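> First, the structure itself, so that you have it in front of you.
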Amino acid sequence: MTAPVEPAIALRAVCKRFGAVEAVRDVSFRLAPGEIVGFLGPNGAGKTTTLRMLAGIFPPTTGDVRITGRDPMRDPEVCRRAVGYFPENAPFYPELTVLEFLRFVARAKRLARAAREEAVGSVLEQCALGAVARRRVGTLSKGYRQRVGLAQALCGDPPILILDEPTIGLDPSQVVEIRELVGTLRGARTVLFSSHILSEVEALCERVVVIAGGRLVGEGTPAELAARLGRRRRVLVRVDGAVAAVATAVERVAGVVTVTVRDDLLSVDGGGDDDLVRAVADAVLAAGGRLRELREEPLALEEIFLRLVAERRED
């Protein structure tokens, strides 16, 4: 019988208080080895506090944190070797060159002397920093500094990466570079990726974890979260013909909730009936319209996020 795989990251009923302020409340979730998971929440939701507990910077007030099955407070060295942490405001030494800084990181992570140069060379190559290795960190562009931040997290080949807003402040081309770089780690590392750029999370991550007000409000794939929200299916229809008459006919279809018309495009929101698309097509044709386009549109991660956060605020 195959033994169950230990989660790379596991939180159970974790709370964190700072005096009278409860920053994180009863949060539980797991990441399997090799997953890239998005960690979402509005400002002040408790994301950074949660990530710092996972990185072993401070303990939870109550609850359990486990890194590959170990407690970061009881086995700090083992857990810190297992985790590469890239904080939102990554600390750099601007007067050091990239090479000097990464050598310092290798020493701080207590890599064996014989392994340090190989480790530094590996992350310079992974993060495409060879061309700036002998430049001072303080002279680099924001994009290159973020690459240095990712390189220090990767130094020592940790199986887990915790990335807190690694694309913040970057221009669109730099965002794509960091996204592609993180994408190359898929399967080889477990990555918990916090970002406000939802399109980046949607492109990179298999699942998302959403917190608001310090509490977990959603966890799963976008499709699973949409189903949990009782999502309405959205069908987009582009027609030739009497658009107003077609819209009226579609509104009468069983399960249709709203029909929004913009020029020759109808956006139809309805229930989860598998025959909704066919029923809408039949209604269009019966009303004398000619179909130019018919497709179902998945609920965007942004809409899922906003609805989950709104639900939490209403609670």
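> Give the range 57-75 a look and list any residue that's in contact with a Cys (Cβ under 6 Å, 6 or more places away or on another chain) and either surrounded by fewer than 21 Cβ atoms within 10 Å (Cβ to Cβ) or among the hydrophobic types (A, V, I, L, M, F, W, C) (or both), or say none.
If the condition is that a residue be in contact with a Cys (Cβ under 6 Å, 6 or more places away or on another chain) and either surrounded by fewer than 21 Cβ atoms within 10 Å (Cβ to Cβ) or among the hydrophobic types (A, V, I, L, M, F, W, C) (or both), then Thr61, Thr62, Gly63, Ile67, Arg70 are the ones that fit.
> If you don't mind, another one. Which of the residues that make up the range 41-98 are aliphatic (A, V, I, L, M), at pLDDT 95 or above and in a loop (DSSP other than H, G, I, E, B)?
Across the range 41-98, the qualifying residue is only Leu96.
> Now a separate question. Give the residues of the range 180-193 that are closer than 26 Å to Ile57 by Cβ and in a helix (DSSP H, G or I), sorted by residue number.
Looking only at the range 180-193, we keep the residues that are closer than 26 Å to Ile57 by Cβ, and these are 181-182, 185, 188-193.
Those that are closer than 26 Å to Ile57 by Cβ and in a helix (DSSP H, G or I): Leu181, Val182.
> Being of a type outside the set (Gly, Ala, Ser) and free of Cβ contacts under 8 Å to residues at least 12 places away in the same chain: is that true of Val78 here?
Here the answer is yes, as Val78 does meet what is asked.
> Can you tell me which residue among Ser199, Ser195 is more than 21 Å from Gly121 (Cβ to Cβ), surrounded by 21 or more Cβ atoms within 10 Å (Cβ to Cβ) and at pLDDT below 90?
Residue meeting the stated conditions: Ser195.
> Only one of (1) out of contact with any Lys or Arg (no Cβ under 7 Å at 6 or more places or on another chain); (2) surrounded by 14 or more Cβ atoms within 10 Å (Cβ to Cβ); (3) under 14 Å from Cys155 (Cβ atoms) is not met by Ala106, so which one is it?
(1)
> Within the bounds of the range 43-56, is there any residue that is closer than 21 Å to Leu301 by Cα, in contact with a Lys or Arg (Cβ under 8 Å, 6 or more places away or on another chain) and small (Gly, Ala, Ser)?
yes
> From Gly130, Gly169, Gly138, Gly143, which residue is assigned by TED's automatic domain parsing to the domain that holds Val201 and within 21 Å of Phe39 (Cβ to Cβ)? Quick ask: steps written out before the conclusion?
Details: Gly130 fails: within 21 Å of Phe39 (Cβ to Cβ); Gly138 fails: within 21 Å of Phe39 (Cβ to Cβ); Gly143 fails: within 21 Å of Phe39 (Cβ to Cβ).
It is Gly169.
> When you scan the range 230-243, how many residues do you find that are over 15 Å from Ala286 (Cβ atoms) and either in contact with a Phe, Trp or Tyr (Cβ under 6 Å, 6 or more places away or on another chain) or at pLDDT 90 or above (or both)?
The qualifying residues number 2.
> Among the numbered criteria (1) surrounded by fewer than 23 Cβ atoms within 10 Å (Cβ to Cβ); (2) under 27 Å from Ala45 (Cα atoms), which one does Ala133 miss?
It is condition (2) that Ala133 fails.
> So Leu181 passes all but one of these: (1) modelled with pLDDT of 90 or more; (2) more than 20 Å from Ala32 (Cα to Cα); (3) of a type in the set (A, V, I, L, M). Which condition number does it fail?
Here Leu181 meets the rest and fails (1).
> Here is a follow-up. Consider Gly288 carefully, then state whether it is in contact with a helix residue (DSSP H, G or I) (Cβ under 6 Å, 6 or more places away or on another chain) and not aliphatic (A, V, I, L, M).
Here the answer is no, as Gly288 does not meet what is asked.
> Counting only residues that are part of a loop (DSSP other than H, G, I, E, B) and of a type in the set (Asp, Glu), which one in the range 136-178 is farthest from Ile67 (Cα to Cα)?
If we take residues in the range 136-178 being part of a loop (DSSP other than H, G, I, E, B) and of a type in the set (Asp, Glu), then Asp171 is farthest from Ile67 (Cα to Cα).
> Now for a separate question. Could you please tell me which pairs satisfy a Cβ distance under 7 Å, a separation of 6+ or placement on different chains, a first residue in the range 284-307 that is on the phi > 0 side of the Ramachandran plot, and a second residue that is surrounded by fewer than 17 Cβ atoms within 10 Å (Cβ to Cβ)?
Gly288/Gly241; Gly288/Ala242; Gly288/Ala245
> Given Asp71, Asp26, which one is assigned by TED's automatic domain parsing to the domain that holds Pro158 and on the phi > 0 side of the Ramachandran plot?
Matching residue, one of Asp71, Asp26: Asp26.
The values are calculated or read from the model by the stated rules, or taken from the named source; none is laboratory data. Small disclaimer: the values here were computed from a predicted structure and weren't measured. No Cβ is skipped: glycine too gets one built from the backbone with ideal geometry, and neighbour counts run over all protein chains shown.
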